[in-house]
Amino acid sequence: MVGGRLVVGELRVQEIVRGDGRVCYTVVDTDCTFLAEADGFLRTCAAGTDRMYAYVLVDHLRWLRFAGLDTGSVSLEDLRHCMAALGAHYPGPFGLPWREGKRPYGHSALKAAAACLKGFYLRLGTLGVNPSLAEALRVTRLPTRADRRRAMLGHVLHSMPANPLAPAEQVRRHPKMLPEGAREMLLGAASCARDRMVVTWLADGGFRIGELCGLRLVDLHLRERAACGQCRGPHVHICHREDNANRARVKTKTPWTWQDDAVRGGTVRRASPAMIHTYFEYITTQYPAQTAHGMLLVSLHGSSRGQPWTTAAARGMLHRAAACCAGPRHAAPGRGMLRRAAARGQIGRVVPHAFRHSFATAVLDAARGNAVIAREAGGWASAATVEQVYGHVDVHDPVFTAALEQVWGTQP
């Protein structure tokens, strides 16, 4: 005890590299031993999800020790207190201050934390630990129209699993997109062919940054009628891999194979002429000749030259390019200076996902609101997601005005 308050143990997330190259995550205690309960649960999680859930779990287990609880004695109301400490709405006091100096979770992060905690305690319930809490978490709700549409034999659904810890649903706001002219400004500020390629591929392909940094040269079929036979025009195969040297991962785990010296499957994304042009400019002028890893994007300077480029490095490049758009600055500015410079500039701070939002909106507008086309162009799992997030009507559109005038009876 220090100052009348319990000192929280140094629980931490530990990264583990398996023999086959897969990267996994677990939670270790102060004496560097695995926490069996957390480790067993994380082993059941898919790649990518295990990392996010590991950090949620380590925060939760620290909170348990802080509150003097353990996994066998915690109740549903205690878990609601824990969610309130993370930032969820709770009608009442929820105990001592926690996570001092840290920002509360956003809505999406709270949903992920609720799913993690429910899955964790349901698994413990199957092992005989705190079965009453597991039973309290097994609640159901009536199915919605979207639930029935997504499920096989959805018309016979009577109930759906629910999560009593999840925050109330919110109307999704329109995502932040690139400012007008940001692409041209960033291309002008890019210092090399690789950076120009990254900006172009993000803008024309709608890639997630993990998808772009995870590409390998064999994934690119940039000539007509490629050997894979899946697309007649130039295209790219986005494949989920666990052994990328730069730890870049693809979110959508679409199955893929290597057959007849060609990649088949994965998520197929069309390539624009500008994407092909910037690719060949980069490959012929800057790509190192002696590279055995086969990754597309590599570092071009310093001791890491020729090594696969990380997602953090790609984000940093966009920050620097945005800062250059603000005007001349000091040489080699620090990260904080770059962010302030970008904030003062004409385009502000640029994040890679803004390209994807702009791409989706542009394709949806060009396709006259056809969400299926936008879904295929950007690799979304559901057209309903595209409609919900990007399907916003322009109130100044003449079609919108004509429809209203027809309803009002004022159409000439």
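The values are calculated or read from the model by the stated rules, or taken from the named source; none is laboratory data. These figures come from a predicted structure and were not determined experimentally. Because the Cβ atoms are built from the backbone with ideal geometry, glycine has one as well, and the counts that use them run over all protein chains shown. For accessibility, only protein heavy atoms count, side chains too; no ligands or nucleic acids. Shrake-Rupley method; radii C 1.70, N 1.55, O 1.52, S 1.80 Å.
Structure data summary
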quantity: Selection from the range 13-35 of residues that are touching a residue at least 60 places away in the same chain (Cβ under 8 Å) and of a type in the set (Val, Ile, Thr); calculated: VAL23
quantity: Filter pass, PRO179 being farther than 26 Å from VAL27 by Cα and open to solvent by 20 Å² or more (accessible area, probe 1.4 Å); calculated: yes
quantity: Which listed residue is in contact (Cβ under 8 Å) with a residue 60 or more places away in the chain and assigned to a loop (DSSP other than H, G, I, E, B), from ALA38, ALA46; calculated: ALA46
quantity: Residues of the range 266-322 that turn out to be in contact with a Gly (Cβ under 7 Å, 6 or more places away or on another chain) and outside any loop (DSSP other than H, G, I, E, B), as a count; calculated: 7
quantity: Candidate set from the range 259-278 (those that are of a type outside the set (A, V, I, L, M) and open to solvent by 30 Å² or more (accessible area, probe 1.4 Å)); member that is nearest to CYS192 (Cα to Cα); calculated: HIS277
quantity: Selection status of LEU187, open to solvent by 10 Å² or more (accessible area, probe 1.4 Å) and without any contact (Cβ under 8 Å) to a residue 60 or more places away in the chain; calculated: yes
quantity: Filtered residue count, the range 147-164, keeping only those that are hydrophobic (A, V, I, L, M, F, W, C) and either over 25 Å from LEU117 (Cα atoms) or exposed (fewer than 12 other Cβ atoms within 10 Å of the Cβ) (or both); calculated: 4
quantity: Qualifying position, being open to solvent by less than 90 Å² (accessible area, probe 1.4 Å) and at pLDDT below 70, among VAL389, VAL395; calculated: VAL395
quantity: Test: ASP243 is under 23 Å from the mean Cα position of the chain (by Cα), surrounded by 15 or more Cβ atoms within 10 Å (Cβ to Cβ) and acidic (Asp, Glu); calculated: no
quantity: Single match in ARG241, ARG249 (criterion: touching a His at 6+ places or on another chain (Cβ under 9 Å) and either in contact (Cβ under 8 Å) with a residue 24 or more places away in the chain or assigned to a strand (DSSP E or B) (or both)); calculated: ARG249
